[in-house]
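Each remark here refers to the structure printed beneath this line.
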Amino acid sequence: MMKKIKTIEVGASIFEENDRIAKENQRIFRENGIFTVNIMGSPGSGKTSLLEKTISELKGQFSFGVIEGDVKGNLDAKRLAALDIPVLQINTGGACHLDALMVQKGIKELPLKDIEVLFVENVGNLVCPAEFDIGTVLNVVISSVPEGEDKPLKYPLMFQRANICILNKIDLLSYTDFNLEQFTKYLKDTSSAQIIPLSVKTGYGLNIWREKLSSLTFNWLSEKIEPLSIDWKGRIVIVGMGDRMKGDDGAGSIVAEKLTRTIKRKDIRIIDAGNAIENYIGLIEKFHPDTVVVIDAVDFGGSPGEIKTMDPDELQEITTSTHTFSLPLLINHIKITTGARCNLVGIQPKKIDVSENISTEIQKSIKKLIEDLSFELCR
Ligand SMILES: Nc1nc2c(ncn2[C@@H]2O[C@H](COP(=O)(O)OP(=O)(O)O)[C@@H](O)[C@H]2O)c(=O)[nH]1
Ligand SMILES: [Mg+2]
């Protein structure tokens, strides 16, 4: 049976409020245990088709809900409501994107307790939706073969913000002069998004998308992916530090090294400072950051591998810094010279001895931290 579709009319919220409301949305999604996916892309790239296919194939596994964003009308909402899931239509009344407030109004109309995966089909275009965080966990951009391979080059922000880039209509490759290699290169130059080439029409590659979505959803629902409660603003410097010859002490340094491979944004600088952060202060200052995050092994009396985000005031009370210099003093210095807001992400070490071995608990935390940070910073 097809459900009746509710439609709400909303106006665009002011830009500076958007980020704050997006954070509230994130909290609502976390509290209700809902994995949320923002689906963006040009009109006709296949957003609705992908949702129809994905939901009908995974319906036995998860319960779904959809928010449809359109300037006008409810055609797509009707297509999805035919799958007998809750669908809410948001008409933006002219705005070329959904913003956080529109989505917040939308989620209030949905039976949140019955939804595990919420898709938001954003308004079709490659510009505005990228500028407005709506608080979703995962950002997906769908590009399609007939659009040409230059889209990541022309709309870098959209592709930068995406965690996953689906290249749809692969079945049309042989009918066009689309250059897959070139597309991949353009994408890699601007973004760390994973590329999944597929065809909703023939089903090619859909299994890879399904498996990715399922595993991310499971991780999210079992709280393996958690926000780090850092207010990422403006230009960002992430500094990982630690001595890799001293067991778990090297954790921060390893995180930074790995992050340089996954996060490629011009407004983010990642520094693996090893055990000589004093040599990197000039580099940090020169980047003119608004936000500085230091990742380090810190003995804050937690259980081995525990990850804790701390603000500099809290830092003064930490008893043990594992290095010879004072971490609070150093962070304070960075704070004064750059004017940036500073956070410390501490990883509780298990053992700090003269060895290159990292304890299993800390290895797990390193992996988790890399995943969480890649996630948050690809938005
Ligand atoms: N050839 C081909 N056509 C597709 C594929 N996926 C979607 N389409 C078609 O592309 C058109 C636009 O799809 P739609 O899902 O409405 O796009 P949206 O505007 O992004 O939601 C429709 O005619 C679909 O049938 C595909 O993999 N291959
Ligand atoms: Mg659509």
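The values are calculated or read from the model by the stated rules, or taken from the named source; none is laboratory data. Keep in mind the model is a prediction, meaning the values are calculated, not measured. Virtual Cβ from ideal backbone geometry, glycine too; neighbours counted across all protein chains shown. To get the accessible areas, we keep the full protein, side chains included, count just its heavy atoms, and leave off ligands, DNA and RNA. Shrake-Rupley method; radii C 1.70, N 1.55, O 1.52, S 1.80 Å.
Before moving on, here are some points about what is shown:
- Solvent accessible area, Å² - residue 96, 1.4 Å probe, full protein context: 50
- Cross-link partners of residue 350 among lysines (Cα-Cα below 27 Å; sequence separation of 8 or more within a chain): 224, 246, 258, 308, 364, 367, 368
- C-alpha long axis of helix 206-221 to longest principal axis of the chain, angle in °: 50
- Computed over the range 6-221, Kirkwood Rh from alpha-carbon pairs, angstrom: 17.2
- Debye intensity ratio in log₁₀ form over the Cα atoms of the chain, taken at each q of 0.14 Å⁻¹: -1.18
- Within the assembled protein chains, the solvent-accessible surface assigned to residue 288 is about 130 Å², based on a 1.4 Å probe.
- Sequence-separation-based contact order of the range 6-221, relative, with Cα cut under 8 Å and 6+ spacing, percent: 25
- Neighbourhood charge, 13 Å Cβ-Cβ cut-off, centred on residue 297 and excluding it, Lys, Arg +1 and Asp, Glu -1: -3
- Among the chymotrypsin sites (Phe, Trp or Tyr not before Pro) in the range 168-225, those located in a DSSP loop and surrounded by at most 15 other Cβ atoms within 10 Å of their own Cβ are 204.
- For the range 236-377, radius of gyration divided by Kirkwood radius, i.e. Rg to Rh on alpha-carbons: 0.93
- Average Cα contact separation per residue, the chain, under 8 Å, 6 or more apart, as relative contact order %: 15
- For the set 258, 53, the ranking by accessible area, highest first and with no ligand, DNA or RNA atoms included, is 258, 53 under a 1.4 Å probe.
- Using a cutoff of 8 angstrom between alpha carbon atoms and counting only pairs six or more residues apart, the relative contact order for the range 236-377 works out to 34 percent.
- Packing-based ranking of 62-71, 40-49 yields 62-71, 40-49, ordered from highest to lowest mean Cβ neighbour count within 10 Å.
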